[in-house]
Amino acid sequence: MDRGKYLAKNTLIFALGNLGSKLIAFFLVPLYTGILATEEFGQVDLIATVCMVAAPAIFLNVGEAVMRFCLDKDADTDGIMSVAYLVILLAVVPGAAFTVGILLYEKLSEYWLMILLYTVALGISQIALCYLRGKELLFKYSVGNILQTLFIAAFNILFLLVFKWGVFGYLLSYVIAYAATAVYALAAGKAFDVFKHFHIKKDLLKKMLVYSVVLIPNTFMWWIMNSSDRLMVTEMRGLGENGIYAAAYKLPTILSVVTGIFNQAYSYSAIKEDSSKDKNEYNESVFNSLLAFLVLIGMGLNLFLKPILSVYVAPEYFTSWFFSPPLIVGMALMALGTFLANFYVVNKDSKGFMFSATAGAVLNVILNFISIPRIGAIGAAAATCFSYFVVFLYRYFDTKKYVKIRVFSLRNILALSCLLASAVLVYFDGILVIAGQLVLIALVTVIKFEPIKTTLINMKALVSKKAKGKK
């Protein structure tokens, strides 16, 4: 299979699991905003935010090492998963410290046990799913994502609509879903069989921990850019405003979900193509295609932002549209930075992750402290957007030692400028504004026609091949 079809195939497989699961999660938002008050929604968002960064820290981010080391030729998958089991066993120590921290934080202490269970279940499910990815059992990985979201949806409906358990019911649904996903993924990857061949190689243990532990600061710094703004909005402006701001993230997240699927698939291509003679040209062509679709999706979200939110969320959340445009631009920049980070994965350069994320995180905190007290959540949105831009720039210059890509070609600059202009137009109303958005979309389509055309041809060829194979 040629490189274009290989990438398209992996993208479709990841899309199978991720898009289905994310769509279900997307349609659950009206349930949350309809049942939970803005303060409650702000609280569950804060809890999810804390758990998402706590899980990798407690389990030393070993899931990322499991995935990457399993992709090596002649990888000792039993030995790799044995290291993961050892880390899970030793996680009781940082888990205890995390519990004490939650008990001391008044806004979350009421739900300390559910938060601990949520974090543990999430962490183990991430490790198990990474094992499936590392063994390139991508279809099983996608099924795991779908099952996880189906469990979340089913138990949320049961606990929130039927039993009316509020925040407790929301958390319990996630605990059950993550635990069930972990069991499925471990069984699907035959990870339980590893206990029969359990062994720890000191050299492998050291290499995996060096790779994964260095990623912990990266995870924390990335959390600062992704989520600390919501913690700071909560502290400086209250849970109510954080609930509105959390709702503002939902549509922009579509952009990160779609491109996250692509970047997951591309990491396999990047490893495979690392030794090819024309890797610079190939990587540049893929980057150009990604940027084109990012800009078009982002402008489409800007165009339909207000109409969608008017029916998507409860009336008291509609004002969240005001915070979304800079988040949409920021998510596009984050996706471009994530694309460049694939070259850190290829070369096992976890320090590159850490330093680039640190640069963005420090700037994000500084800008949040300056802007949130003065202008509220819109300051947090703008700070997040600019921080993603800094990370993107850092990774562009830093990854030149691995690959040469003309990121700032004239066409790319024009396309990104159109996305920025589209975001500004959201703050105006009228038929001329709609016309302006459509003109910008048409302009980008013309500017980036070739990469768009090439990508669509590859996807069409793969789908046609699959259809013929079923006949």
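All of the numbers you see were taken from the coordinates with simple rules; none came from a lab. The structure presented is a predicted model; accordingly, all values stated were derived computationally and were not measured. FYI the Cβ positions are ideal-geometry reconstructions off the backbone, even for glycines, and counts take in every protein chain you see.
For every helix of n ≥ 4 consecutive DSSP H residues, a contribution of -39,500 (n - 2.57) applies; sum these over the chain, divide by its total residues, and give [θ] at 222 nm rounded to the nearest 500 deg cm²/dmol.
Details: 19 runs with 380 residues, N = 471.
The helix contribution divided over the chain gives -28000 deg cm²/dmol.
Using label points projected 7 Å from each Cα along Cα→Cβ, tell me how many nm separate Ile157 and His199, to one decimal.
Roughly 4.9 nm, to one decimal.
For Thr319, put the label point 7 Å out on the Cα→Cβ axis and report which residues of region 381-397 keep their amide N under 20 Å from it.
381-383
Once a ≥ b ≥ c are taken as the square roots of the eigenvalues of the Cα gyration tensor of the chain, is the result rounded (a/c under 1.5), prolate (a/b larger than b/c) or oblate (a/b not larger than b/c)?
On the way: a/c = 1.45, a/b = 1.04, b/c = 1.39.
Rounded shape, in that the Cα axes give a/c under 1.5.
By average Cβ neighbour count within 10 Å, what is the ranking of 135-142, 53-60, 354-361 from highest down?
Final packing ranking: 53-60, 354-361, 135-142.
If the chain between Glu110 and Asp274 were fully stretched, how many nm would it gain, using 0.36 nm times the residue separation less the Cα-Cα distance?
That pair, Glu110 and Asp274, stretches by 54.1 nm at full extension.
In Å, what Rg and Dmax follow from the Cα atoms of region 260-345?
16.8, 56
Does region 249-471 come out rounded, prolate or oblate, given a ≥ b ≥ c as the square roots of the eigenvalues of its C-alpha gyration tensor, rounded meaning a/c under 1.5 and, failing that, prolate meaning a/b above b/c?
Here region 249-471 falls in the oblate category.
Between Met52, Ala97, His199, whose Cα lies farthest towards the positive end of the dipole of region 1-200 when Lys and Arg beta carbons carry +1 and Asp and Glu beta carbons carry -1, centred on the Cα centre?
Of the listed residues, the answer is His199.
Could you work out the relative contact order of region 249-471? I mean the mean sequence separation of Cα pairs under 8 Å and 6+ apart, divided by the number of residues, in percent.
30 percent
Please report, largest first and rounded to whole Å, the three semi-axes of the ellipsoid equivalent to region 144-235, where each semi-axis is the square root of five times an eigenvalue of the C-alpha gyration tensor.
That gives 32, 25, 9 Å for the three semi-axes.
For region 210-321, what class follows from the C-alpha gyration tensor (a ≥ b ≥ c being the square roots of its eigenvalues): rounded when a/c is under 1.5, otherwise prolate if a/b is larger than b/c, else oblate?
oblate
Return the distance in nm (one decimal) between the two label points of a simple spin-label model at Val210 and Lys351, each offset 7 Å from Cα along Cα→Cβ.
1.0 nm
Give the peptides 157-164, 115-122 in descending order of average Cβ contacts within 10 Å, highest first.
Ranked from most to least packed, the peptides come out as 115-122, 157-164.
How high is the relative contact order of the chain, in percent, with contacts defined as C-alpha pairs under 8 Å that are six or more residues apart?
21 percent
Arranged from highest to lowest average of other beta-carbon atoms within 10 Å per residue, in what order do the peptides 435-446, 247-258, 328-339 appear? Don't jump to the answer; show the numbers that get you there.
Working: 435-446: 15.6, 247-258: 22.4, 328-339: 26.4.
Top of the packing list down: 328-339, 247-258, 435-446.
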